[in-house]
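The next block holds one structure in the form of structure tokens; read it before the comments.
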Amino acid sequence: MAVYLVTGAAGFIGANYVHLLTGWEPDAQVVAVDYVGFAGNMANLDPVIDQVSFERVDIADPAAMETIYRRYRPDYVVNFAAESHNDRAILGPGAFMRSNALGAQVMAECSRIVGVTAHVHVSTIEVYGELAAGQRWFTERSPLNAKTPYSAAKAAGDQIVRAYMATYPELDIRMTHCANNYGPYQLPEKLIPLAVTNLLRGKKVPVYGDGLQSRDWLHVADHCSAVHRVLHADLDPIPAAAGTDPGLLPIFDISARREVTNLDIARRVVTALDLDPQEWIEHIPDRPNHDRRYLIDPAKLETDLQWRPEHEFEAGIAETVAWYIEHRDWWETIIAAKGELGFDWSQMGPAPAH
Ligand SMILES: NC(=O)c1ccc[n+]([C@@H]2O[C@H](COP(=O)([O-])OP(=O)(O)OC[C@H]3O[C@@H](n4cnc5c(N)ncnc54)[C@H](O)[C@@H]3O)[C@@H](O)[C@H]2O)c1
């Protein structure tokens, strides 16, 4: 029986992965790890809680994580755990550095010293920064050029994992960079669930600046299927030439090549609820240092591992909007516990030190 250790399992993507994994591999033992921080929500695991072993642990705590590894002896590790909310990273970068950089190192180290079959470090398109005018997309060969506290912390984690790839060839560690995800169980601070939950309560959809920030959008289930494909891929050992060519490292960029502006996303949600975008969208001051445009090329994943997304964008957005309409209890409980989500940067003073 294979043992999976999945971190960040009470978050948006980790929970979706655990739901899918229990269906794909009903005989596997799934150890779900999360410290249930700001974005963590135990209710995300409700549908599978009887099928997983849940451990409330901080991945950046080496002794606690080593104990978990030695207790369960995982074959497969997927590290989704990260602090991920860009606005919050501006207000308090410290927690992001700890989870996204130190946490990545502790996870890699535990996999190295205890021994696993394969480990996937889940990262983001945002480590590449923003595209220059005329640049089509990023690839695995693009330099890391993060400029926000969130993406810089993720890029630090990436560099650490690359060092583990190069230094410890006996450790089978792989990495993914994914485009923006949409789907069920996303905290209603992010654009799509924020838009739906606002509209259902008679509030407008806030859009940062002109809303023309351009993003690459992928259904969360497609992200999960890509991560699973990378985890189980039969890969050759890393060649010596990878030292100067990161395209040869076991790193895979994930995207459905679907570029859409934030304003377009907001309009789609408003019209899905039969409302008028002119009336129900309001432009608010932009987040400081907001990446303007990013897109990645999934050609390596498609060619080497024959992965393809299964969710068509228009249908995926419609299903996602319907999910939030149908799961009002889920998001009302979150808003009752955390207060109104979403940021108004015109009201923010200087960021406190963290
Ligand atoms: N959401 C996206 O569009 C997107 C796109 C590409 C990559 N990613 C990456 O995918 C991963 C998951 O993203 P998400 O959107 O589900 O984020 P999320 O914030 O919804 O969930 C992350 C989870 O990790 C947990 N966590 C954070 N730090 C931890 C720690 N030190 N120890 C234990 N648990 C910890 C949180 O409590 C939370 O439950 C992240 O690594 C993120 O960088 C996200």
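The values are calculated or read from the model by the stated rules, or taken from the named source; none is laboratory data. Quantities reported herein were computed from a predicted structural model and do not represent experimental measurements. Counting neighbours? That spans all protein chains shown, and the Cβs are built from the backbone with ideal geometry, glycine included. For accessibility, only protein heavy atoms count, side chains too; no ligands or nucleic acids. Shrake-Rupley method; radii C 1.70, N 1.55, O 1.52, S 1.80 Å.
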- request: Tell me which of these residue 50 doesn't satisfy, since it passes every other one: (1) buried (at least 18 other Cβ atoms within 10 Å of the Cβ); (2) at pLDDT 95 or above; (3) within 24 Å of residue 331 (Cβ to Cβ).
  value: (1)
- line: Residue set 60, 9; condition assigned to a loop (DSSP other than H, G, I, E, B), under 19 Å from the mean Cα position of the chain (by Cα), of a type in the set (A, V, I, L, M) and buried (at least 23 other Cβ atoms within 10 Å of the Cβ); output residue 9
message: Criterion first (near the ligand (Cβ under 9 Å from one of its atoms), more than 21 Å from residue 258 (Cβ to Cβ) and of a type in the set (Lys, Arg)) does residue 141 satisfy it?
response: no
Residue satisfying condition, being open to solvent by less than 40 Å² (accessible area, probe 1.4 Å), more than 14 Å from residue 7 (Cα to Cα) and either outside any strand (DSSP E or B) or within 12 Å of the ligand (Cβ to nearest atom) (or both), within set 78, 116, 120: 116
query: When region 123-154 is examined, which residues are found to be assigned to a helix (DSSP H, G or I) and either open to solvent by less than 10 Å² (accessible area, probe 1.4 Å) or in contact with a strand residue (DSSP E or B) (Cβ under 6 Å, 6 or more places away or on another chain) (or both)?
result: 125, 127, 128, 151, 153, 154
- line: If we keep only residues of region 301-340 that are basic (Lys, Arg) and over 20 Å from the mean Cα position of the chain (by Cα), then the residue farthest from residue 228 (Cα to Cα) is 338
Region 85-113: number of residues that are outside any helix (DSSP H, G or I) and either in contact with a Pro (Cβ under 8 Å, 6 or more places away or on another chain) or β-branched (Val, Ile, Thr) (or both): 1
